[in-house]
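Visitor: I'd like to ask some things about the structure below.
The values are calculated or read from the model by the stated rules, or taken from the named source; none is laboratory data. Note that the coordinates shown come from a computational prediction; the quantities given were computed from them, not determined experimentally. Every residue, glycine among them, receives a Cβ derived from its backbone with ideal geometry; neighbour counts consider all protein chains shown. When the accessible area is computed, the model is the full protein with side chains, heavy atoms only, and any ligands, DNA or RNA have been set aside. Shrake-Rupley method; radii C 1.70, N 1.55, O 1.52, S 1.80 Å.
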Amino acid sequence: MNDHPVFAVVGHPNKGKSSVVAALTQNDQVKISPLSGTTRVSQRFALKLDNKIVFELVDTPGFQRANKCLAWLNDGEVTADQRPVRVNAFLDKFTGQSGFLDEVELLTPIMQGAGIIYVIDGSLPYSPEYETEMEILRWTGSARLALINPIGGDHYVEQWRQALNQYFSLVRVFDPLHASFDQLLQLLRTFGQLDTHKTAAFDHAIKELEHYRQLKLQQAARIIVENLHRLITFQQSSSRLENLVKEKLAAVMPDEIAGFNQQLNKMEREGQQQLEALFLYHQLEADISRLQVHQSELMDETQWSLWGLDKKQLILVSAGAGAAIGLIADAGLGGASLMTGAVGGGLVGGLSGWFGMDWLKDKLPAWLTFNKETHLLGPVNDPNFSFVVLGRALSHARAMLVRSHADQNKLTINHAQVNAMQSLALNEQVRLLKQCRQLQNDGLQGKAAERLRAWVYQQLVDEKLG
Ligand SMILES: Nc1nc2c(ncn2[C@@H]2O[C@H](COP(=O)(O)OP(=O)(O)OP(=O)(O)O)[C@@H](O)[C@H]2O)c(=O)[nH]1
Ligand SMILES: [Mg+2]
């Protein structure tokens, strides 16, 4: 026998029952669609913590023949105390028969002990046709909660409340598509109220969920900084470049850069996938484009300045961080000179010798370093790269944090999120740039890594509150 609570999510077809199940169990694999009658058989979905089931929801098909069902139940004298018995008789008679497929599917879990969550659409007016199904649910004698889902707005919420109050002990408004984590917890608290034996268990589960959420945000910060480190230190062996004769270089260079780029993109995507798995997304499609690192002039207003800092900020920030990172700081310099400054700062050994060959200098993009001794291409040598990687990772993570698992759309990154790094204060940007450079040098065990993790964590926590 299960000792965790089970609730059957029931209602009319196409009112968001499956969406409620997806949002509350944080499962994006529940089948949801605009087509009425998507769910045809009951299916259980569990919310687990530490592999232990906290509660289960049963996704059920909508009522199809409520009138005929109630007529059958009402056929003959049935006193109130006999109603649940009568519902069981209905199941005995029609299970395995073709007459009431949907009603049998949805009533079975209830008669096996599941509580009821009844979902209606609060943007459509109340109508007495719903009374039949609410009456059937009342006959089961199970604990009952009604959820008003404002699918297309909340125009008729009050009207619905009046009606629902007569059939359900608790009535709440819940929008499964836009529910925040806190709203989700609030609803779980309501579940606990529905069955007084379970109140303490639910309160405990909510505390645990909050605790896990925090751990997950910390884990997310760890993943983001780990991946940042991978991207800003990435090097690729390129002895091919070295051995080339002058004439062939033009042909091979784009190829080498494309290969380098591909690796960066792959690494970024791997980091995103780790986060998606952490937040229980199995089939997320994101509209975040690929890293555009093939642009040779990063200081221009390209993709990069969109995700990272803009040109002016970059000069100011580089000036601010100059002493720490070996940049020649001069706000009067344009982008290209700034880049030369970065190279001249002696970041990568062997570079200047290589750049001494004039014919090569023009071919290698300014953001990419090459070490003549080790034959290694990379790492990306642009102060903006860290901002770009961080900005993109944060946008991706934040969009996921505010998302409901019932949302079937692509993960979209809104404009405010795109510009996240640009809207930080200058001193914060400077600090970040210094820490990223330290991360490059000291690795993941260093102080900078620790500080960056704390900073990323704070960004994610603030998103949750916002
Ligand atoms: N805009 C909006 N759409 C919603 C909301 N809830 C559900 N929907 C959409 O309504 C449609 C039906 O949602 P489902 O969750 O599949 O509904 P259902 O009650 O399980 O439907 P059946 O299984 O067919 O009975 C889907 O296209 C959902 O995306 C909501 O709160 N707002
Ligand atoms: Mg469904």
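Visitor: Given 97, 29, which one is in contact with a helix residue (DSSP H, G or I) (Cβ under 9 Å, 6 or more places away or on another chain) and either within 16 Å of ligand 1 (Cβ to nearest atom) or within 28 Å of residue 212 (Cβ to Cβ) (or both)?
Guide: When all the criteria are applied, what remains is 29.
Visitor: Right, next: Return the residue satisfying two criteria in turn: it lies in the range 166-182 and is buried (at least 16 other Cβ atoms within 10 Å of the Cβ) and out of contact with any Leu (no Cβ under 8 Å at 6 or more places or on another chain), and of such residues it is nearest to residue 400 (Cα to Cα).
Guide: Result: 180.
Visitor: Which one is most open to solvent (accessible area, probe 1.4 Å) among residues in the range 22-43 that are touching a strand residue (DSSP E or B) at 6+ places or on another chain (Cβ under 9 Å) and free of Cβ contacts under 8 Å to residues at least 60 places away in the same chain?
Guide: Out of the qualifying residues, it is 31.
Visitor: Here is a follow-up. With the requirement that a residue be among the β-branched types (Val, Ile, Thr) and either touching an Asp or Glu at 6+ places or on another chain (Cβ under 6 Å) or not in a helix (DSSP H, G or I) (or both), what does the range 113-141 give you?
Guide: 116, 117, 119, 120
Visitor: Right, here's the next one. Checking the conditions here, which among 193, 186, 159 is in contact (Cβ under 8 Å) with a residue 24 or more places away in the chain and either part of a helix (DSSP H, G or I) or among the aromatic types (Phe, Trp, Tyr) (or both)?
Guide: Testing whether each residue is in contact (Cβ under 8 Å) with a residue 24 or more places away in the chain and either part of a helix (DSSP H, G or I) or among the aromatic types (Phe, Trp, Tyr) (or both) leaves just 159.
Visitor: When you scan the range 386-400, do you find a residue that is out of contact with any strand residue (DSSP E or B) (no Cβ under 6 Å at 6 or more places or on another chain), in contact (Cβ under 8 Å) with a residue 60 or more places away in the chain and either over 29 Å from residue 257 (Cβ atoms) or surrounded by fewer than 16 Cβ atoms within 10 Å (Cβ to Cβ) (or both), even just one?
Guide: yes
Visitor: Is it true that residue 271 is within 27 Å of residue 430 (Cβ to Cβ), modelled with pLDDT under 85 and among the small types (Gly, Ala, Ser)?
Guide: no
Visitor: Report every pair of residues separated by at least 6 positions or lying on different chains whose Cβ atoms are under 9 Å apart, first residue within the range 49-65 and small (Gly, Ala, Ser), second in a strand (DSSP E or B).
Guide: Listed by first residue and then by second, the contacts come to 62/10; 62/11.
Visitor: Now a separate question. Looking only at the range 1-17, count how many residues are within 13 Å of ligand 2 (Cβ to nearest atom) and assigned to a strand (DSSP E or B).
Guide: Count: 4.
Visitor: So is residue 13 within 16 Å of ligand 1 (Cβ to nearest atom) and either more than 19 Å from residue 202 (Cα to Cα) or surrounded by 15 or more Cβ atoms within 10 Å (Cβ to Cβ) (or both) or not?
Guide: yes
Visitor: What number of residues within the range 36-68 satisfy the criterion of being within 16 Å of ligand 1 (Cβ to nearest atom) and farther than 17 Å from residue 24 by Cβ?
Guide: Final tally of qualifying residues: 11.
Visitor: Now, a different point. Do you know which residues across the range 87-106 are among the aliphatic types (A, V, I, L, M) and closer than 19 Å to residue 14 by Cβ?
Guide: Residues satisfying the conditions are 101, 106.
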